[in-house]
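Enquirer: Structure below; questions to follow.
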Amino acid sequence: MRDNILNKNIKRNFISLTKNNIIFTVSVIVLIIIASALFLNYAVRANSGAENSDKSKEYIKWMEFNVPYSTLDKALKYDIESYGKETPLNWIEILAYITAKNWGNITDEKKINRDIDALVKDLRADKLFDELKADLKQYDYFFEAYNAVLNGYLGEYEVLEVVKDESDKEEWVKKYGLKVFSPIARGYGYSHYDDFGNSRSYGYRRKHLGNDIMGSIGTPIIAVEDGYIESLGWNQYGGWRVGIRTHDKKRYYYYAHLRKDHPFNLKLKEGDFVQAGDVIGYLGMTGYSTKENVNNITIPHLHFGIQIIFDEVQKDGINQIWIDAYNIVKLLSRNRMPVVKVDKDFEAAKKINMIPTD
Ligand SMILES: [Zn+2]
């Protein structure tokens, strides 16, 4: 009997113990489930956050601009000739298409120029560009890259022209074409060759990231494109230099080694807006010195650089992109701004009025 009672007590205790255990275990499991759910939710959110920030950092980190001159010329002609016509052709699309079609290898000018003719023939036969480029995996990359380089080059502008049959009367005539200028004013001689990537040794061993345009001291330097003056002053390497950023923020034009004592157009300061064709400064031989206003360059020349910026971190930091400007300078030689001397400065003799594209 006693044994029985004892047994019962033990049993009861055992049962209550088991009950407590079950309640405890269930509670723990529920807590674990809640905690896991919360953690997973957080983890997923954190992860998608990371994905988002990665996406914002997806920009083009490197590109080259190796389009041959004859190819630029051909695509440009097609674009200008077809403006306002039944099948308008966009030179940037044409260039991106043939580069993607040739997997980026565009050294064979004859072949790629034939590819351009074939593309134009197809488009004029009513084939759709979207379908033609559909299989070209690299098209979007090349379009974005070339668009960053050439976006501001073509557009509508007005030219002051003498009206035929009426004497001394001039009027503004709307046109479409190349609306960017050579950095060297009309009437001033210069020479240059493709020196991009050559080695330089002042300061540290590095590559030449521009095109040197040899000319005489004092040659008026012209703004290639519209933009804002982002930097103006002395730089150890560039000497007196001016840097101009385009509206779309994608291009930074760098003009360096300007003239000693009177390097810039006297009116200009950082932050100012300049128009394509404005006189911004004068060719010289300053630079290669930590001391200001020193001529340490042996041959007078304009160092002309074009930086392409897809993300602001590239401007002065990592993944900087400077492109070979030689063929571009050649192309720009078609538009050379005449200048006149006014007081101490030269001014652009403007008979051309740019119509903003933005
Ligand atoms: Zn240079």
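Enquirer: Give just the number: which of (1) more than 18 Å from the chain's Cα centre (by Cα); (2) buried (at least 19 other Cβ atoms within 10 Å of the Cβ); (3) touching a residue at least 40 places away in the same chain (Cβ under 8 Å) does Phe143 not satisfy?
Expert: Here Phe143 clears every test but (1).
Enquirer: Among all residue pairs at least 6 apart or on different chains, which show Cβ distances below 6 Å where the first residue, located in segment 63-81, is surrounded by fewer than 17 Cβ atoms within 10 Å (Cβ to Cβ) and the second is outside any loop (DSSP other than H, G, I, E, B)?
Expert: From residues that are surrounded by fewer than 17 Cβ atoms within 10 Å (Cβ to Cβ), the pairs are Pro68/Glu109; Tyr69/Asn327; Tyr69/Lys330; Ser70/Glu109; Ile80/Gly177.
Enquirer: From Arg200, Arg186, grab the single residue that is among the basic types (Lys, Arg) and within 15 Å of the ligand (Cβ to nearest atom).
Expert: None of the others qualify; the one that does is Arg200.
Enquirer: Follow-up question, since we're still on this one. Among the numbered conditions (1) more than 28 Å from Glu347 (Cβ to Cβ); (2) among the small types (Gly, Ala, Ser); (3) touching a residue at least 40 places away in the same chain (Cβ under 8 Å); (4) not in a loop (DSSP other than H, G, I, E, B), tell me where Gly155 comes up short.
Expert: (1)
Enquirer: Residues of segment 308-329 being in a loop (DSSP other than H, G, I, E, B), within 16 Å of the ligand (Cβ to nearest atom) and either crowded, with 22+ Cβ neighbours inside 10 Å or free of Cβ contacts under 8 Å to residues at least 40 places away in the same chain (or both), which ones?
Expert: Gln320, Ala325
Enquirer: Something else: Going residue by residue through segment 209-230, is there one that turns out to be surrounded by fewer than 19 Cβ atoms within 10 Å (Cβ to Cβ), within 16 Å of the ligand (Cβ to nearest atom) and part of a strand (DSSP E or B)?
Expert: Yes, the conditions are met somewhere in segment 209-230.
Enquirer: Exactly one condition in (1) modelled with pLDDT of 95 or more; (2) part of a loop (DSSP other than H, G, I, E, B); (3) not aromatic (Phe, Trp, Tyr) is not met by Leu72; state its number.
Expert: Result: Leu72 passes all but (2).
Enquirer: Could you count how many residues in segment 247-286 are under 12 Å from His303 (Cα atoms), in a loop (DSSP other than H, G, I, E, B) and of a type in the set (A, V, I, L, M)?
Expert: Number satisfying all stated conditions: 1.
Enquirer: Would you mind stating whether Trp234 is in contact (Cβ under 8 Å) with a residue 12 or more places away in the chain, part of a strand (DSSP E or B), under 21 Å from Thr290 (Cα atoms) and away from the ligand (no atom under 16 Å from the Cβ)?
Expert: Values: in contact (Cβ under 8 Å) with a residue 12 or more places away in the chain: yes; part of a strand (DSSP E or B): yes; under 21 Å from Thr290 (Cα atoms): yes; away from the ligand (no atom under 16 Å from the Cβ): yes.
Taking the combined requirement at face value, the residue satisfies it.
Enquirer: Continuing with this model, one more query. Which condition number does Glu161 fail, the rest of (1) modelled with pLDDT under 90; (2) assigned to a loop (DSSP other than H, G, I, E, B) being met?
Expert: Single failed check for Glu161: (2).
Enquirer: Take Gly305 and decide whether it is buried (at least 18 other Cβ atoms within 10 Å of the Cβ) and either in a strand (DSSP E or B) or out of contact with any Lys or Arg (no Cβ under 9 Å at 6 or more places or on another chain) (or both).
Expert: When the stated conditions are applied, Gly305 passes them.
The values are calculated or read from the model by the stated rules, or taken from the named source; none is laboratory data. All values reported here derive from a predicted model rather than from experimental measurement. Using ideal geometry, Cβ is built from the backbone for each residue, glycine included, and neighbour counts are taken over all protein chains shown.
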